Amino acid sequence: MRMCRKTPWPVFLVLLLALSAGAPAAEPRKDGGAGAVRESTLLSAFDSLAFRERERRLRGAEEKARAAVAKANAAYIKARGEESARDLARTDRNAAYHALDQASGRLARLRFIIEALKILRKGFGALLDREAGALLREEIGFHREPALEKRLVRIVERLKRHSILPNDTLRVRILNSDGVAITAAAPAATAAATAGAIYFVKGHLAEEPSGDELMFTAARAISHSDLGHPALAIASRLGLTFAEVRFPTKAGVREPKLRAALREVAREVARGRYAPARMREADLMGARMALAAGASPRGIRETFARARSRGFYPDAAERLRALEKALGLRLGEEKSP
């Protein structure tokens, strides 16, 4: 398939409305959640963190099934000299292989869905990076402070080692904004990230947040990017379905609907604005990432306290309680040794 030569980046997604309208929806299957997704299901319904958690559980189930197969094979070989024992071992081995087939099938169907997010993120990543960078440069500008930038780079690198995409690199930029007066693009949060860059707010850094708070701030922004939330927001604007992700074709960046969606989402990303469910996903993954990187739970509480005092998150208290419940941890307390 040839790509349009006028397009500087490969784009993997377009509106194939005619295709999705004419194609019958796939029948749902009982596969641990993946079967609820049809080809006509909107990508905006994608719950990326929940699917990744389910993938982890199904991968563990598959590993147990493989171990059971190996054990059944060993028992079958050992029972060769005894006909009755061999028949029983054969039955056990067949049951183990059947269980493995089922576990592998469930995992494969779930990974099919997760692959859609990778395609989505890759297809829109460079485009959104360019749009967001241009928007922020035009309406806010960037602040240069080499020593501070080096510190932020070290924090991001430390966090990325514990992220779901540890090999992806992020450019670190500091926005020349006080972080309080919200202009058309000024962030309402303390950090934001796209697939290729993370942006910190100068005004927040000037307040000298603790290292723990800064780590959670960065981890939450990274989580939005790693979970593909910006790409899912674009998919929502365009009304893309799973069928449209699996049947990519060439697209031009000058497509009016695509350009409008990129511009709108770039503004939302810069302001740290996502749907409530996406915010909670990033809260949880960011907290896990920061804690794994050695941050104290106190930094998470400090982040929400600062945001609440500024009126950024009206639901900050509720989100903090939900996070404590999910982690099974009082976030104002030190981690136990």
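Looking only at the range 313-322, decide whether some residue is outside any helix (DSSP H, G or I), more than 22 Å from the chain's Cα centre (by Cα) and in contact (Cβ under 8 Å) with a residue 24 or more places away in the chain.
The answer is no, given that none of the residues of the range 313-322 is outside any helix (DSSP H, G or I), more than 22 Å from the chain's Cα centre (by Cα) and in contact (Cβ under 8 Å) with a residue 24 or more places away in the chain.
Restricting attention to helices (runs of 4 or more DSSP H) lying wholly within the range 192-300, give those where 1 or more residues are surrounded by fewer than 24 Cβ atoms within 10 Å (Cβ to Cβ), out of contact with any strand residue (DSSP E or B) (no Cβ under 7 Å at 6 or more places or on another chain) and at pLDDT below 90. Show your work before the answer.
Details: elements: 202-206, 211-226, 229-238, 242-246, 256-270, 276-292.
Hits in the range 192-300: 202-206, 229-238, 242-246, 256-270, 276-292.
The values are calculated or read from the model by the stated rules, or taken from the named source; none is laboratory data. In this text the structure is predicted, and so the values were computed from the model without any measurement. Counting neighbours? That spans all protein chains shown, and the Cβs are built from the backbone with ideal geometry, glycine included.
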